[in-house]
Amino acid sequence: MRWRVVKAVARQSFLEFWRSPQAVFWTYGFPLMMAVVLGFAFQSGEPEPVTVGVVDSPVARQRLALLEADPLLKVEWLSVAAADRALGRGRVALTVRWEEAGSREVLRSDPARPEATLARLLVERRMRAASSDDPGYERPVHEIEDRPGSRYIDFLIPGLIGLNLLGAGMWGVGFNLVQMRVGNLLRRIFVTPMRRSEFLAGYLLGRSILVIPEAFAIMAFGVFLWGVPFRGSLLAALVLVIVGGWVFTAIGCLLACRARTTETIGGLMNAVQLPMWVLGGTFFANEGLEGPMRWAAESMPLTHVNRALRDVMLEPGTLLDVWAPIAALALTGALCFTLAMRWFRWQ
Amino acid sequence: MNTAPAIELRGLCKTYTKGREVVRAVDGLDLVVARGEVFGLLGPNGAGKTTTVEICEGLTVPDDGEVRVLGQEWRGGDDAAIRARIGVCLQETKFQEHATVDEVLRLFRACFERGRSVEEAIALVSLEEKRGARQKSLSGGQRQRLAVATALLGNPDLLFLDEPTTGLDPQSRRQLWRVVRDYQEQGGTVLLTTHYMDEAQQLCDRVAIVDQGRVIALGSPAELIRSLGAEHFVVVDLRDPDRAPEDAAFLSLPDVVAIDRRAGRIECTVASVHTALPPLLDMLEQQRVDLDGLTTRHATLEDVFVHLTGRHLREGGGA
């Protein structure tokens, strides 16, 4: 190997990188920015308590009130149905049932959920500590949640559909638009009588339609392979997928409306997508978040797409049940589209 | 019917900032392109040709000056009406890689209320056999012909071609020239930029030579060449350049108008080869100077540019 050649290539590659402000920003500036933001968000302090649902009954109130004294546990008193629903939607990591004095407590969770084991250990520890002077103490019974609609996979599939809408919508539009700008195709279209609104609306329409089969393929996969229930309205699911596709393609369009290089759009996409991946409620329920994290999660379109999809898949949700998130998502998409149209750069 | 010239430019100026450097790309340029002519903007890279064309196309806003395209001004409230009447072929356009010729043309055809059919456009640029081919399978010449076809779809009154044959092989260039001639025969007007002399001479009714953002010469290719005072060159290569006769010896010969020496080669501008050549050979023999080579050629627009600026077109505009 000729060192002179290696050195020349390395030098040129180094200079090329430093002379591209966008590449420098997204390589160095953005991670530093994220480090600062996430550093503030996850500063050391008290660990977040794990939420458990306790099936409310007079005997349970008597015995299980001790769980409320544990600072690492957050207890929600629920009816049987509400406890099952909360477990299925990931709002509680585990449910505790104690219906009869003298019997053993029943803990119910899906071990596939990351926080379920911790919740189980914390509950058992608390109960064992409270019964330390009882030689006849018996550990609670553990039931694995395997009823369709309440398992982690049931929670995950609607989230994956939401995540797919996010990725396909944003990358499909944003990246392609910038590539068209870089390749002068947008300039070429600009010098025809095509209006900006016609171009963007057509582009978004094409991409929004594309996401429908993708979303339903994941849905069918979940239903037929994993037995994920579909209890709600198919029409509502269809509308949700279309509106979800619309909002994410519109966001992609807004991000791409002025970006000049693929490095810039790549960075912008990551900056917007990464927080949604983490906090958008795909892999774990985000209802339990508090403070700025809760605010951030609630302001994310993915959160509302995921929740509404779970409403129509895991519960008998109809169009009427999810009209509010659908309207909010459609309006968000319209706002992004309007801004994208206003700021759009052809060249 | 609107009989205004196809293009009128008055006092056009455009300045760019590149870092700390301010580049005056167009510097008080005046131009009138008549209807039905093929007009060439000729000049080295950086002369301001593309900026001028982009201003005419409505892609770039000038800092100063007047622009009228087909009698209308850009940003006068009806830009779409101008765009419906012009066809544009940019220096380079990357159509979507997986789109076929037919699909690209359908997309662009949809932009126009009236115009040619996709089939007609394909026939105009002889791409019938490639109709279903994707972009990545097209040659450079085929891609460029497709770009021209998209420009012809709206049946435009005015066609802009920005260096349409750069990088193409001779056959592809000739095919594109034929497309341009056919378009002109049907009454169309063309504004063409090029740095190929032969292209300008072959295609253009009139040519504006542009240098450093200004028009430095304007006329038909024949007129511009005649303006040199002589239309032929006799190029003399000597075996021993150090023994070359003085300029005065050449200039004293009949019909020799000018002398240019470059890298040991002597280029005599002559009014007529058959009258200038015999005395020139006699003079070299009398001075006992041995010839290494002797060629004659017609003057070109390149010679006009060299005559006007002292530089060759390929040397860059210096702007």
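For B:Leu203, indicate whether it is of a type outside the set (Gly, Ala, Ser) and under 21 Å from B:Leu105 (Cα atoms). Even if it seems obvious, please write down each step before you answer.
On the way: of a type outside the set (Gly, Ala, Ser): yes; under 21 Å from B:Leu105 (Cα atoms): no.
When the stated conditions are applied, B:Leu203 does not pass them.
Give me the residue from the stretch B:62-93 that is part of a loop (DSSP other than H, G, I, E, B) and away from chain A (no Cβ under 12 Å) and, out of that set, surrounded by the most Cβ atoms within 10 Å (Cβ to Cβ). Steps first, answer last, please.
First, the residues of the stretch B:62-93 that are part of a loop (DSSP other than H, G, I, E, B): B:62-63, B:70-71, B:73-78, B:84-85, B:90-93.
Then keep just the ones that are away from chain A (no Cβ under 12 Å); that gives B:62-63, B:70-71, B:73, B:75-77.
Working: B:Pro62: 22, B:Asp63: 14, B:Leu70: 19, B:Gly71: 13, B:Glu73: 15, B:Arg75: 9, B:Gly76: 10, B:Gly77: 8.
It comes out as B:Pro62.
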Only one of these is among the aliphatic types (A, V, I, L, M), within 13 Å of chain A (Cβ to nearest Cβ), outside any loop (DSSP other than H, G, I, E, B) and touching a residue at least 40 places away in the same chain (Cβ under 8 Å): B:Ala149, B:Ala200. Name it. B:Ala149
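Within the stretch A:79-96, track down each residue that is more than 14 Å from A:Ser57 (Cβ to Cβ) and in contact with a strand residue (DSSP E or B) (Cβ under 9 Å, 6 or more places away or on another chain). Show your work before the answer.
If we filter the stretch A:79-96 for residues that are more than 14 Å from A:Ser57 (Cβ to Cβ), which is where we start, we get A:84-94.
If the condition is that a residue be more than 14 Å from A:Ser57 (Cβ to Cβ) and in contact with a strand residue (DSSP E or B) (Cβ under 9 Å, 6 or more places away or on another chain), then A:Asp84, A:Arg85, A:Ala86, A:Leu87, A:Arg91, A:Val92, A:Ala93, A:Leu94 are the ones that fit.
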Among all residue pairs at least 6 apart or on different chains, which show Cβ distances below 8 Å where the first residue, located in the stretch A:299-311, is farther than 14 Å from A:Trp246 by Cα and the second is of a type in the set (Phe, Trp, Tyr) and at pLDDT below 95? A:Arg310/A:Phe155
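Does B:Gly58 satisfy the criteria of being in a loop (DSSP other than H, G, I, E, B), within 30 Å of B:Thr17 (Cα to Cα) and either of a type in the set (Phe, Trp, Tyr) or within 12 Å of another protein chain (Cβ to nearest Cβ) (or both)?
Details: in a loop (DSSP other than H, G, I, E, B): yes; within 30 Å of B:Thr17 (Cα to Cα): yes; either of a type in the set (Phe, Trp, Tyr) or within 12 Å of another protein chain (Cβ to nearest Cβ) (or both): yes.
Yes, satisfied.
Using the structure shown, decide if A:Arg128 is more than 14 Å from chain B (Cβ to nearest Cβ), surrounded by 19 or more Cβ atoms within 10 Å (Cβ to Cβ) and either in a helix (DSSP H, G or I) or at pLDDT 90 or above (or both). Give the steps one after another, and end with the answer.
Numbers: more than 14 Å from chain B (Cβ to nearest Cβ): yes; surrounded by 19 or more Cβ atoms within 10 Å (Cβ to Cβ): no; either in a helix (DSSP H, G or I) or at pLDDT 90 or above (or both): yes.
When the stated conditions are applied, A:Arg128 does not pass them.
Check A:Gly202, A:Gly167, A:Gly206 and return the single one that is surrounded by 16 or more Cβ atoms within 10 Å (Cβ to Cβ) and assigned by TED's automatic domain parsing to the domain that holds A:Asn306. Write out each step before concluding.
On the way: A:Gly202 fails: surrounded by 16 or more Cβ atoms within 10 Å (Cβ to Cβ); A:Gly206 fails: surrounded by 16 or more Cβ atoms within 10 Å (Cβ to Cβ).
Within the list A:Gly202, A:Gly167, A:Gly206, the selection yields A:Gly167.
Would you mind stating whether B:Val210 is more than 30 Å from B:Arg24 (Cβ to Cβ), crowded, with 19+ Cβ neighbours inside 10 Å, in contact with a Lys or Arg (Cβ under 9 Å, 6 or more places away or on another chain) and not basic (Lys, Arg)? Before the answer, list the steps.
Values: more than 30 Å from B:Arg24 (Cβ to Cβ): no; crowded, with 19+ Cβ neighbours inside 10 Å: yes; in contact with a Lys or Arg (Cβ under 9 Å, 6 or more places away or on another chain): yes; not basic (Lys, Arg): yes.
The answer is no for B:Val210.
Tell me, yes or no, whether the stretch A:133-144 has at least one residue that is within 12 Å of chain B (Cβ to nearest Cβ) and surrounded by fewer than 18 Cβ atoms within 10 Å (Cβ to Cβ).
no
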Checked against (1) more than 18 Å from the chain's Cα centre (by Cα); (2) more than 14 Å from chain B (Cβ to nearest Cβ); (3) in contact (Cβ under 8 Å) with a residue 24 or more places away in the chain; (4) not in a strand (DSSP E or B), A:Pro158 satisfies every condition except (1)
Quick one: in the stretch A:252-277, of everything that is of a type outside the set (S, T, N, Q) and surrounded by fewer than 17 Cβ atoms within 10 Å (Cβ to Cβ), which residue is farthest from A:Arg181 (Cα to Cα)? A:Trp277
With the condition kept exactly as written, say whether any residue in the stretch A:21-29 is more than 23 Å from the chain's Cα centre (by Cα), part of a helix (DSSP H, G or I) and exposed (fewer than 10 other Cβ atoms within 10 Å of the Cβ). no
How many residues does the stretch B:15-43 hold that are in a strand (DSSP E or B) and free of Cβ contacts under 8 Å to residues at least 60 places away in the same chain? 7
Can you say whether A:Gly206 is within 14 Å of another protein chain (Cβ to nearest Cβ) and closer than 27 Å to A:Thr338 by Cβ, as far as the supplied structure shows? yes
Among A:Ile212, A:Ile189, which is farther than 24 Å from A:Pro21 by Cα, within 14 Å of another protein chain (Cβ to nearest Cβ), of a type outside the set (S, T, N, Q) and touching a residue at least 24 places away in the same chain (Cβ under 8 Å)? A:Ile189
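The values are calculated or read from the model by the stated rules, or taken from the named source; none is laboratory data. Computed from a predicted structure; not experimentally measured. With ideal geometry, Cβ positions are generated from the backbone for all residues, glycine too; neighbour counts draw on all protein chains shown.
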